[in-house]
Amino acid sequence: MASLNRVFLIGNLTKDPELRYTPQGTAVANLRMAVNRRWKDKSGEQKDEVCFITAVTWDKQAEVCNQYLRKGSPLFVEGRLQSRSWEDNAGAKRSVIEVRAERVQFMGARYGKDKLNRIANMDVFCHPSRSEGSPTAVLEAGALGKALIVSTATNVGSEVEKYNAGFHIR
């Protein structure tokens, strides 16, 4: 008899990831997601439905999700359904069906909301990256999205000084 247990979800986090560690030191993160469905009924009226589900990530993936995802972050999760049961403090049997995430893909902006707000209030933002093996720096000022200098200089400080002296590209 054939069987298939595969889940693909695209949604948004309803709260920050909940990171914890097992007694053996393995990282586990719960990603509480809202997945929306929109359709039109027979009368043509638009309807919305929200499904709330928890995706569970393990090991390094759990730590990375905790580091970069926040409430509202859009993400794609691929995994399988997994059920578990336990006895609560009152002695009642409890059970839940969750998604055991095997792949998580971040779908939002590169920076979280908090970091974007900090960058927006800076005069100059330096982001070191690598291009063809050379260090590069992209400097952005004031409003987001206004690139001022793209430099292959290894000394980002000198590029900031040039910017402050008025040698910048608009």
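Observations on the structure shown:
- Label sites at A92 and Q61, each approximated as a point 7 angstrom past Cα along Cα to Cβ, lie 3.2 nm apart.
- Per-residue 3J(HN,Hα) values for segment 83-95, derived from phi via the Karplus relation 6.51 cos²θ - 1.76 cosθ + 1.60 with θ = phi - 60°, read 10, 8, 9, 7, 10, 7, 4, 7, x, 7, 6, 10, 8 Hz in sequence order (x marks Gly and Pro).
- Modelled spin-label separation between R80 and A2, with each label point placed 7 Å from Cα along the Cα-to-Cβ direction: 1.7 nm.
- Ranked by the mean number of other Cβ atoms within 10 Å per residue, highest first, peptides 16-24, 95-103 order as 95-103, 16-24.
- Seen from R84, the other residues with C-beta closer than 14 Å to its C-beta sum to a net charge of +1, counting Lys and Arg as +1 and Asp and Glu as -1.
No value in this document is a laboratory result; all are computed from the given coordinates. Note that the coordinates shown come from a computational prediction; the quantities given were computed from them, not determined experimentally. When we count neighbours, we look across all protein chains shown, and the Cβ atoms used for this are built from the backbone with ideal geometry, even at glycine.
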